[in-house]
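The block underneath contains the structure these notes are about, expressed in structure tokens.
No lab work stands behind these numbers, since they all come straight from the coordinates. Please read these numbers as outputs of a predicted model, since none were measured by experiment. All Cβ positions, even for glycine, are placed from backbone atoms using ideal geometry, and neighbour counts span all protein chains on display.
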Ligand SMILES: [Zn+2]
């Protein structure tokens, strides 16, 4: 986690030899202040029932973009407590997902936060070309790796058709907006059919748009809004 709880219950970042407790499970934490990863906190002793038990470098990096008051926000509802990865200036919760997540957990989190969206780590499949875009030529779809062919382009949106071998099937459970982090670009998922054809459609944006959105910088409304989500199951 980026922020731990100090003795006064305040959110503090990791500093060498710092002492603090986990804001979720109250376990003792140790500061991780190396040269590679974002400085963060980790449990001193292995815990089972804490959402912070294991966090990838990817997860920490995205969360670190949020300002303190909107990063790792404790939310209590109906006697339940969750710590949202990040909250956008408009109050929407953003959950970053790297590790596998079950269908039930997706449903449970969406019901809890309600006003939320997902960002899934899709960098590896994209890099390894298990996730690739298709180009349309004379009515047929052709494989075209790492190029972003536009299949339909209007002033506001660009739609892209893709194939994704061994897609994360649990994404099908998501009813809230889903973004796939491909590295340099973010794909807003419009449609996914991983069962038969491993295919889908999305709208591609540079990752800077999501950075700016997190920081509350003004971006054109059409870039991350006004999408109509289509769910085919
Ligand atoms: Zn904990």
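The table that follows gives values for the structure above.
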item	result
17 Å reach of a label modelled at residue 128, 7 Å along Cα-to-Cβ, counting backbone N of region 163-195	163-170, 181-183
Extension reserve of the residue 90-residue 104 stretch, reckoned as 0.36 nm per residue once the Cα distance is removed	2.4 nm
Estimated inter-spin distance, residue 35 and residue 6, nm [label 7 Å along Cα→Cβ]	2.8 nm
Simple spin-label estimate for residue 17 and residue 45 in nanometres, 7 Å along Cα-Cβ	2.4 nm
Extension gain, residue 198 back to residue 54 (0.36 nm per residue minus Cα-Cα distance, nm)	48.9 nm
Nearest-0.05 FRET efficiency for residue 169 and residue 218, computed from C-beta distance (R0 30 Å)	0.25
For region 78-97 and region 117-137, distance of Cα centres in Å	25 Å
Residues residue 135 and residue 27, FRET efficiency given R0 of 45 Å [Cβ-Cβ distance, rounded to 0.05]	0.30
Highest-first arrangement of 177-184, 97-104, where packing means the average Cβ count within 10 Å	177-184, 97-104
